[in-house]
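Heads up: the structure comes next, in structure tokens.
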Amino acid sequence: MTAPSTAPASSSRGGRWIEHWDPEDETFWKETGEKVARRNLIFSVLSEHIGFSIWTVWSVMVLFMGPEYGLTPADKFVLVSMATLVGAIVRVPYTFAVAIFGGRNWTIISASLLLVPTIAAFVVMEPGTSFTTFLICAMLTGVGGGNFASSMTNINAFFPLRKKGWALGLNAGGGNIGVPVMQLVGLAVIGASGGPRVLLGIYIPLIVVAAVLAAMYMDNIASLRNDSGAAKEAVRAGHTWIMSFLYIGTFGSFIGYSFAFGLVLQTQFGRTPLQAAYVTFIGPLLGSLIRPVGGALADKYGGAKITLWNYVAMAAATGVIILASMQESLPLFTVAFIALFVLSGVGNGSTYKMIPGIFQNKALAMGLEGEAAAAYGRRLSGASMGLIGAVGALGGLGINLAFRQSFLSVGSGTGAFVAFLAFYGLCFAVTWAVYLRRPVGQVPATEATTEKKPQLSYAEV
């Protein structure tokens, strides 16, 4: 009698479908699961990375769109704001697309869709084009923001709970780094060529490469079905919306500042496009690189603890920015702003680590145990990630609109930073009240069951 195989079983449906996937089984994970999961992670990161680059391409192009384009600073904030808005909205359907089409299949589709905004912008990018046309092209880049949600949902299914902080942090950080790469490449290409068209032309073949590699090397997990029940349950779960709020403070800050940093330097401190671009990429680069570290710290010390103290640090950095803004100190402003980027990256990693743990904790509170609890946690966390990612990205829209209003009202970004400081204080209070104040083992009344079961502390999630 032979032992059952631990290798992922392929389906007869064709393509790269895996019928059996159990990452919580340590034998399965060590023998075959880890290798397959890491391969999918690598090519998921590539596609998501290019998606972020296309999503944020307008943050670079507006810096080099001079007076001949007929755009005011307020117009430019609107362009980047609408790209942020669409990127946030499409995250919801992108989350559920993974279960409809399969992670591999949807990665191919979503990567290919990036050709639409890239080619459209390539065609119209010249002086004399109407603001409305530019606005439509900027909104189309929002599909790149959706790649994050589908990628995170897919990778969440591949890794065991004990590895999710690192894996999700690496996946998201590798995607996020598409922002500074776009800004750095944009600086080099546009600075040398004098126009944005060459930059767009470079990314068109890269998009094709990402789609082809996904087709060749990624897999679909057959058990990751579209579960309307999970989606409805995720919407009804209070923790989905609490984590959405907290994610506004971390990822909303990262993506909002990524779009706005160069424009703030230009508008408030009179930097030229090249002077602004020389600095703009540093914050998003460091914030992206540190995100896996935030996830790893959360794995070790607990996501709620790291998130709580990270908000303290973000508030402190924002206070320094306000001081620098009032004193018109460009060096202090730049250093503090870059520090805020780094802290947003740490918080991105720690908040996303919290999500699977929260829902597994809920499963334990309901009386589920072992693989049943782990499966429930994967099911609900996967369904909630798209909603959390979408609401969090809307924070980027709020940041750009706040900057626009602040410059229109007082001529600087100081007013916007005061609002951000107050928001970080509120995020600190919510994190403490919901996930750290409650004694170990206590469950919210709405989630408690008559039968007490062992469970995680929320401080450990």
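Tell me yes or no: at least one residue of region 72-86 is of a type in the set (A, V, I, L, M, F, W, C), without any contact (Cβ under 8 Å) to a residue 60 or more places away in the chain and more than 28 Å from VAL342 (Cβ to Cβ). Within region 72-86, not a single residue is of a type in the set (A, V, I, L, M, F, W, C), without any contact (Cβ under 8 Å) to a residue 60 or more places away in the chain and more than 28 Å from VAL342 (Cβ to Cβ).
Here the condition is being at negative phi, assigned to a helix (DSSP H, G or I), open to solvent by 50 Å² or more (accessible area, probe 1.4 Å) and modelled with pLDDT of 90 or more; of ALA402, ALA422, it holds for ALA422 alone. When SER344 is tested against (1) open to solvent by less than 40 Å² (accessible area, probe 1.4 Å); (2) over 20 Å from ALA298 (Cβ atoms); (3) among the hydroxyl-bearing types (Ser, Thr, Tyr), just one condition goes unmet, and that condition is (2).
What are the residues in region 177-197 that are under 26 Å from SER44 (Cα atoms) and open to solvent by 60 Å² or more (accessible area, probe 1.4 Å), if any? Within region 177-197, LEU184 is the sole residue that qualifies.
Within region 35-56, not a single residue is open to solvent by 10 Å² or more (accessible area, probe 1.4 Å), in contact (Cβ under 8 Å) with a residue 12 or more places away in the chain and not in a helix (DSSP H, G or I). Residues in region 331-346 that are of a type in the set (Ser, Thr, Tyr) and more than 23 Å from LEU168 (Cα to Cα): THR334 alone.
Mind listing whichever residues of region 65-76 are surrounded by fewer than 24 Cβ atoms within 10 Å (Cβ to Cβ) and not β-branched (Val, Ile, Thr)? Correct list: MET65, GLY66, PRO67, GLU68, TYR69, GLY70, LEU71, PRO73, ALA74, ASP75. Taking residues in region 202-216 that are among the hydroxyl-bearing types (Ser, Thr, Tyr), and partners anywhere that are assigned to a helix (DSSP H, G or I) and surrounded by 13 or more Cβ atoms within 10 Å (Cβ to Cβ), the pairs with Cβ atoms closer than 8 Å and at least 6 places apart or on different chains are TYR203/ILE50; TYR203/SER53; TYR203/ILE54; TYR203/VAL57; TYR203/THR118.
Identify all residues within region 90-134 that are of a type in the set (Ser, Thr, Tyr) and not in a helix (DSSP H, G or I); write none if there are none. Once the filter is applied, which keeps residues that are of a type in the set (Ser, Thr, Tyr) and not in a helix (DSSP H, G or I), region 90-134 yields THR129, SER130. Against the numbered list (1) free of Cβ contacts under 8 Å to residues at least 24 places away in the same chain; (2) more than 26 Å from ASP75 (Cβ to Cβ); (3) surrounded by fewer than 18 Cβ atoms within 10 Å (Cβ to Cβ), VAL312 comes up short only at (1). Criterion first (at pLDDT below 80, closer than 29 Å to ASP22 by Cα and open to solvent by less than 10 Å² (accessible area, probe 1.4 Å)) does ALA222 satisfy it? So ALA222 does not fit the description; no.
Of note, ALA375 satisfies the criterion of being among the hydrophobic types (A, V, I, L, M, F, W, C), closer than 26 Å to HIS20 by Cα and open to solvent by 20 Å² or more (accessible area, probe 1.4 Å). Taken over region 80-105, residues that are open to solvent by less than 10 Å² (accessible area, probe 1.4 Å) and among the basic types (Lys, Arg) amount to 1. For ILE248, the conditions (1) hydrophobic (A, V, I, L, M, F, W, C); (2) open to solvent by 10 Å² or more (accessible area, probe 1.4 Å); (3) modelled with pLDDT under 90 are fulfilled apart from (3).
The values are calculated or read from the model by the stated rules, or taken from the named source; none is laboratory data. Worth saying up front: this structure is predicted, and the values here are computed from it rather than measured. Heads up, the Cβs are rebuilt from the backbone with ideal geometry, glycines too, and the neighbour counts pull from every protein chain shown. With ligands, DNA and RNA removed, areas are computed over all heavy atoms of the protein, side chains included. Shrake-Rupley method; radii C 1.70, N 1.55, O 1.52, S 1.80 Å.
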